[in-house]
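Chemist: Okay, here's the structure, questions in a sec.
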Amino acid sequence: MDIVTCALAAGQTVTALATLTLQLLNHDGSNNSGYATRRDASEAVNELMRWLYKFQAFLGDKQRDNDSSRVSQDFVNQIRDFTFDIEDAFDEFMFNVPHHTHTTTTHRFAHEWKYHVRSELNKLCSCRDDIRNRRQSQNELKRLLNQVRPGQEASSSSQETSLTHNIVEEEGMVDFQSRHQDRLVSQLTNTDQQRATILVVGPGGSGKTFLAKNVYQDKQVQGKFDCHAWIHVSQSYNVETLKEDMFKQLSPRNSTEHTSLYDKRYLVVLDEVWRKEDFNAFANALPRNSKGSRIIVTTQKIDVADPNQSNIHRMGKLHPDEAWNLFCMKAFRDRNGVCPDELQSSSLEIVERCEGLPLAIAFVGTSLSKKQPVLHEWNRFCKSLDFGTNLSVMRRILQPSFEDLQDNHKSCLLYLSLFPKGYSIKRERLIRSWIAEGFVKKIGGQTLEDIAETYLNILIERHLVQVSELEIDGQVRSCRVSNPIHEILVSMSRGGSFSKVLEFNDDDTDSSERVRRLSFQNGITKFRCNKNWSKVRSCFIFGQQDDADNSSSSRRSLRHRTFKKSSSSGTAGNSLKTVIKNFELLKVLDMQDTPLKDFSKTVGQLVLLRCLNLSYTQVQEVPGSIENLVFLETLNLKHTHVTNLPKGIYELHRLRHLLVSYRDDGEEQGVEVSKRIRGLSSLQELSLIKVNKSRTIKDMGHLTQLRKLKLVGLTKELGEEFCESIQKMKGLRTLDARAKTEKDYVYSDCNMEKPPVEIHRLYLKGRLDLLPRFINSKLQNLVKVVLKGSKLPANAMPVQPFEALPSLMELEMVEYYTGEELVFRAGKFNSLKRLHIEEFVELSMVVVEDDSMPKLEKLTICKCKNLKSASPGIFNREPPVEFSHDEMNEEFISNLQRGKKGKNFDEQGLETGIGSSQYHQ
């Protein structure tokens with residue numbers, strides 16, 4: 001049913017297009033001579049949409065009935081083609097008509113003739129007539145469509161908030177792996193001092209990663225090692241990048257000095273290793289010390305490493321009795337794992353089709369636990385597993401959960417097929433693309449970005465998408481899909497013409513495919529476009545620069561860069577020209593991390609473009625033709641070489657995200673904007689803007705919809721204007737303000753009576769006389785504060801204002817305070833989880849009173865060379881606080897060394913040695 005799913009997805013975008021088209025047709029249409037033609041075109045649009053609703057309802061019926069007959073598939077193909085034709089008609093109309101207005105009827109009439117608007121209106125009518133004729137010539141299809149009840153919706157679930165539980169972190173799975181887990185824990189914690197490799201091998205879905213994760217996170221295991229690292233390898237990767245990531249986890253402060261590991265007992269998990277040379281690349285980079293270090297390898301191939309036979313864990317399929325018990329524990333948790341008699345037969349059949357794979361059984365059982373325990377529901381589920389005899393078991397168990405999604409959620413999930421296998425995707429990058437494609441439906445007063453984030457959370461909670469990294473407050477920072485699900489999504493997307501992936505110079509351009517989205521995963525080096533590909537809506541081009549040319553290695557590690565070095569910047573420039581030449585209806589163009597230098601002037605031809613991501617490229621100049629991109633919502637030029645913006649930027653009134661920055665002497669720099677920035681009233685995010693006069697700050701005050709603002713170049717003299725503008729941004733959630741130089745003041749103590757109470761994250765870099773008064777109990781949502789270079793005087797109260805922040809979870813202070821004593825008072829900082837203190841040059845004492853920071857998880861102290869003591873209690877808590885330090889004085893280090901032997905810092909009870917664990921669920 002791939003075609004059904006993808007055709008339903010296409011229908012989601014057409015509705016939004018129809019609304020835009022009608023708005024344009026009805027705009028002052030009665031005042032010009034083209035009124036009759038406009039009226040006819042409006043009627044054509046309405047008729048096309050009535051047909052589309054019937055098409056969608058018909059497809060929804062086919063999907064629910066799992067009708068895979070040949071005749072039904074032929075009808076589905078026809079309806080998909082109709083849907084694509086309607087989408088193309090609307091897009092081509094929007095592409096060809098002018099999108100700027102004129103003040104007089106004469107000018108408007110002349111402009112319409114100049115741009116052949118009448119011709120475009122006639123094309124809409126012709127599309128309507130063509131589909132009408134095709135429908136009438138296909139009597140059977142017409143009969144089936146007429147059976148659909150008016151107003152019947154295609155496919156939706158009213159269970160928006162009914163989400164599946166976590167299938168791998170609950171009881172049940174642990175019980176069936178206990179024999180492996182107990183033995184694995186014993187192998188990790190025994191007294192053997194030789195480094196050992198432990199292999200966990202088995203088929204996909206057998207629970208290899210789950211077992212390794214449980215053991216890796218075990219407190220008893222972690223306490224036996226000085227440091228830990230979890231590396232997801234996958235089939236294609238950049239070995240140097242992943243090795244860099246490994247050493248950063250093992251030794252965050254000395255990631256380039258591998259000798260620091262020679263005296264440490266380390267634990268490394270290499271998850272999903274496919275080749276022996278992959279394992280050797282990591283194993284040979286690690287010291288073969290005699291400290292009892294261990295390497296765990298999860299794999300489907302037993303020959304990737306050569307451990308002792310006793311160190312091999314074979315994760316096979318479950319015995320039928322075990323499979324049945326696991327299923328019942330998941331499916332009938334409310335009945336203490338007892339299956340009702342009337343469901344025995346269908347349940348046994350479902351378990352049998354899971355082929356003994358623990359994760360498959362757990363997944364199915366968890367899905368069924370959400371359904372009524374009645375026979376017809378379970379028979380329908382069982383039938384859905386039977387759908388598509390060519391599907392793997394993992395695909396069959398995924399299908400019911402996938403089909404239970406609303407259509408717009410399905411579109412968002414399928415979109416992930418455009419990213420490479422194992423690729424970690426930043427949340428913002430993903431949801432901006434979803435919005436640009438029209439997948440996100442407006443609901444009430446919520447922003448599209450907030451709604452898209454709820455979509456992502458739904459996919460995560462249903463275990464269709466995995467979290468790669470979380471923010472301190474639990475917000476998703478980046479995500480990925482597992483390899484089995486990724487393969488399924490790629491297959492479904494291609495089968496239904498939703499998208500196509502081209503890898504490693506693949507020039508497969510089957511002329512019969514009507515491809516809507518393309519992903520080039522090794523650049524465009526040879527490519528032949530056919531006419532059915534000319535309607536592509538999204539294009540992703542992946543590539544990789546030289547490591548030496550990229551200063552953001554940590555960012556590269558986070559995303560698990562998976563590509564070999566791509567071709568030259570000239571080839572990347574040709575790629576952009578190829579896209580512009582062949583895909584004129586493009587809405588999303590993403591060339592992040594390619595060596596692109598030339599931002600072609602012809603980009604102005606992509607009139608319908610909504611999301612343009614050229615971040616981390618070598619682009620130097622933005623062409624003036626960008627003013628033609630009147631639908632553009634996102635322009636991402638972060639970490640490029642762009643230092644100025646053209647005047648045409650201010651014509652893009654639909655812009656929601658304007659992101660520009662470059663580096664100079666290692667520092668991130670912003671760009672200047674003119675007073676016309678105030679006209680971009682739809683902006684949600686603006687970064688990084690250089691302010692060098694009060695006029696710029698005042699203009700910012702007109703951008704009242706901003707949610708995220710980053711400024712650089714502030715001085716003390718700009719303080720009043722800064723406060724006045726910021727308090728107008730009622731919905732602001734992130735504020736990043738940086739002084740012009742390290743000697744300048746980032747903020748003066750102006751009176752901000754009504755600060756943005758929605759603010760979540762605050763970053764201030766520059767001198768301060770005292771902490772801003774707006775940091776008070778009114779900021780109920782503030783979870784993270786970063787202060788750098790403040791150099792508060794010794795008589796200031798450096799941390800007391802933070803005590804009033806009920807949601808504060810992370811506090812980072814660098815070169816913040818010049819006093820000798822830092823006091824965290826009793827009963828305060830009740831939500832704080834991470835505390836970072838760095839470069840307090842005069843600091844000699846940290847006082848942590850009883851019951852202060854009760855939830856603290858991680859404490860970092862660096863470059864405080866006069867610090868010799870800290871209060872008792874903070875370091876010997878249960879669970880222990882993860883502690884790290886760097887560049888401290890000898891007395892501090894000496895006491896720290898003694899603290900490792902006992903759990904004491906002399907009288908002060910300083911406990912350390914927790915290591916650095918960066919595993920993200």
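Chemist: Among the residues of the stretch 244-263 satisfying the criterion of being at pLDDT 85 or above and touching a strand residue (DSSP E or B) at 6+ places or on another chain (Cβ under 6 Å), which is nearest to residue 188 (Cα to Cα)?
Modeler: 250
Chemist: If you scan the stretch 643-675, which residues turn out to be among the hydrophobic types (A, V, I, L, M, F, W, C) and more than 25 Å from the chain's Cα centre (by Cα)? Give the steps one after another, and end with the answer.
Modeler: Taking the stretch 643-675 as the starting set, the residues that turn out to be among the hydrophobic types (A, V, I, L, M, F, W, C) are 645, 649, 652, 655, 658-660, 671, 673.
Scanning the stretch 643-675 gives 645, 649, 652, 671, 673.
Chemist: Here is a further query. Within the stretch 648-686, which residues are free of Cβ contacts under 8 Å to residues at least 24 places away in the same chain and assigned to a loop (DSSP other than H, G, I, E, B)?
Modeler: Hit for the stretch 648-686 is 665, nothing else.
Chemist: Which one of these does residue 556 not meet: (1) modelled with pLDDT under 90; (2) surrounded by fewer than 19 Cβ atoms within 10 Å (Cβ to Cβ)?
Modeler: Going through the list (1) modelled with pLDDT under 90; (2) surrounded by fewer than 19 Cβ atoms within 10 Å (Cβ to Cβ), residue 556 breaks only (2).
Chemist: Taking the stretch 662-682 only, how many residues are touching a Leu at 6+ places or on another chain (Cβ under 6 Å) and buried (at least 21 other Cβ atoms within 10 Å of the Cβ)?
Modeler: Qualifying residue count for the region: 1.
Here is a yes/no grid of residues against (1) within 18 Å of the chain's Cα centre (by Cα); (2) touching a residue at least 24 places away in the same chain (Cβ under 8 Å); (3) surrounded by 16 or more Cβ atoms within 10 Å (Cβ to Cβ); (4) within 26 Å of residue 233 (Cβ to Cβ):
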position: 439; (1), (2), (3), (4): yes, yes, yes, no
position: 446; (1), (2), (3), (4): no, no, no, no
position: 475; (1), (2), (3), (4): yes, yes, no, no
position: 479; (1), (2), (3), (4): yes, yes, yes, yes
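Chemist: Another question about this same structure. So which strands (runs of 3 or more DSSP E) stay within the stretch 788-884 end to end and still have 1 or more residues that are touching a Cys at 6+ places or on another chain (Cβ under 8 Å)?
Modeler: Values: elements: 810-814, 821-824, 834-838, 845-848, 858-862.
Strands (runs of 3 or more DSSP E) meeting the threshold: 834-838.
Chemist: Kindly indicate whether residue 854 is under 16 Å from residue 809 (Cα atoms), surrounded by fewer than 17 Cβ atoms within 10 Å (Cβ to Cβ) and touching a residue at least 12 places away in the same chain (Cβ under 8 Å). Before the answer, list the steps.
Modeler: Details: under 16 Å from residue 809 (Cα atoms): yes; surrounded by fewer than 17 Cβ atoms within 10 Å (Cβ to Cβ): yes; touching a residue at least 12 places away in the same chain (Cβ under 8 Å): yes.
When the stated conditions are applied, residue 854 passes them.
Chemist: Still on this structure, I have one more. Do we have residue 791 as more than 19 Å from residue 837 (Cα to Cα) and either buried (at least 17 other Cβ atoms within 10 Å of the Cβ) or not assigned by TED's automatic domain parsing to the domain that holds residue 836 (or both) here?
Modeler: Criteria not met by residue 791.
Chemist: Tell me the residue from 806, 755 that is under 32 Å from the mean Cα position of the chain (by Cα) and modelled with pLDDT of 95 or more, please.
Modeler: Values: 755 fails: modelled with pLDDT of 95 or more.
Step by step, each of 806, 755 is checked, and only 806 is under 32 Å from the mean Cα position of the chain (by Cα) and modelled with pLDDT of 95 or more.
Chemist: Which residue out of 709, 703 is in contact with a Lys or Arg (Cβ under 8 Å, 6 or more places away or on another chain) and either within 26 Å of residue 446 (Cα to Cα) or not in a strand (DSSP E or B) (or both)? Talk me through it step by step, then tell me what you get.
Modeler: Values: 709 fails: in contact with a Lys or Arg (Cβ under 8 Å, 6 or more places away or on another chain).
When all the criteria are applied, what remains is 703.
Chemist: Are any residues in the stretch 619-647 in a strand (DSSP E or B) and closer than 13 Å to residue 436 by Cα, and if so, which ones?
Modeler: 634, 635
Chemist: Six or more apart or on different chains, Cβ under 9 Å: which pairs go from a residue in the stretch 408-429 that's part of a strand (DSSP E or B) to one that's at pLDDT 95 or above and hydrophobic (A, V, I, L, M, F, W, C)? Could you list them?
Modeler: Pairs that qualify, where the first residue is part of a strand (DSSP E or B) and the partner is at pLDDT 95 or above and hydrophobic (A, V, I, L, M, F, W, C), are 425/416; 425/419; 425/479; 426/479.
Chemist: If only one of 317, 383 is touching a helix residue (DSSP H, G or I) at 6+ places or on another chain (Cβ under 9 Å) and either at pLDDT below 85 or of a type in the set (Val, Ile, Thr) (or both), which one is it?
Modeler: Values: 383 fails: touching a helix residue (DSSP H, G or I) at 6+ places or on another chain (Cβ under 9 Å).
Criteria check complete, one pass: 317.
The values are calculated or read from the model by the stated rules, or taken from the named source; none is laboratory data. Being a predicted model, the structure only gives us computed values, none of them experimental. Backbone-built Cβ (ideal geometry, glycine too); neighbour counts: all protein chains shown.
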